[in-house]
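**Student:** Take a look at the following structure, please.
Taken together, the values in this text are just the output of simple stated rules run on the coordinates, not laboratory data. The model shown is predicted, which means the values in this text are computed figures rather than measured ones. Heads up, the Cβs are rebuilt from the backbone with ideal geometry, glycines too, and the neighbour counts pull from every protein chain shown.
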Amino acid sequence: MSKVHNTPAFRAGGWVIVSGQTGRIGEKLVSDAFPEQFSQCLKNVRHVLEQESVPLTAVAKVNIYLRKMSDREVMNTIYSHFFGEHLPARTTVGVSELSRDALVEVEVWAFDGKH
């Protein structure tokens, strides 16, 4: 079985696209509970952006994939706290399955203007 290489971030023109992040530290989910997983997703996104020297305020688009749409209200609370007054465009999609038993996955597009 071949291993697929996952690039945490890809630069295209002035854009930095952060690959889908789940609620993991290393290979392990932080919890079986949605709030902890979603919070860790966002921390992982922030970490990838920091590695690329891109501020959180450069995020223009967020895609969120939920295993249970019933988690949306909790998601909104955590999301609002994380982004504060910076309100990037967002899409939230309910999905039937995510990789390795994750309850949520987050991908972002950030524009830093560098080429």
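**Student:** Please specify each residue of region 84-100 satisfying the condition of being closer than 17 Å to GLY23 by Cα, within 15 Å of the chain's Cα centre (by Cα) and either polar (S, T, N, Q) or assigned to a helix (DSSP H, G or I) (or both).
**Tutor:** THR92, SER99
**Student:** Output the residues belonging to region 58-75 that are surrounded by 13 or more Cβ atoms within 10 Å (Cβ to Cβ) and assigned to a helix (DSSP H, G or I).
**Tutor:** The answer is ALA58, ASP71, ARG72, VAL74, MET75.
**Student:** Could we say that VAL54 is surrounded by 12 or more Cβ atoms within 10 Å (Cβ to Cβ), of a type outside the set (Asp, Glu) and in contact (Cβ under 8 Å) with a residue 60 or more places away in the chain here?
**Tutor:** no
**Student:** State all residues of region 4-25 that are under 20 Å from LEU98 (Cβ atoms), assigned to a strand (DSSP E or B) and not hydrophobic (A, V, I, L, M, F, W, C); if no residue qualifies, say none.
**Tutor:** If the condition is that a residue be under 20 Å from LEU98 (Cβ atoms), assigned to a strand (DSSP E or B) and not hydrophobic (A, V, I, L, M, F, W, C), then SER19, GLY20, GLN21, ARG24 are the ones that fit.
**Student:** May I pose another question? Hey, does region 29-47 have a residue that's charged (D, E, K, R), in contact (Cβ under 8 Å) with a residue 40 or more places away in the chain, surrounded by fewer than 18 Cβ atoms within 10 Å (Cβ to Cβ) and under 19 Å from VAL108 (Cβ atoms)?
**Tutor:** No, because not a single residue in region 29-47 is charged (D, E, K, R), in contact (Cβ under 8 Å) with a residue 40 or more places away in the chain, surrounded by fewer than 18 Cβ atoms within 10 Å (Cβ to Cβ) and under 19 Å from VAL108 (Cβ atoms).
**Student:** Would you pick out the residues in region 105-115 that are of a type in the set (A, V, I, L, M) and either more than 18 Å from GLY23 (Cα to Cα) or in contact with a Cys (Cβ under 6 Å, 6 or more places away or on another chain) (or both)?
**Tutor:** Within region 105-115, VAL106, ALA110 meet the criteria.
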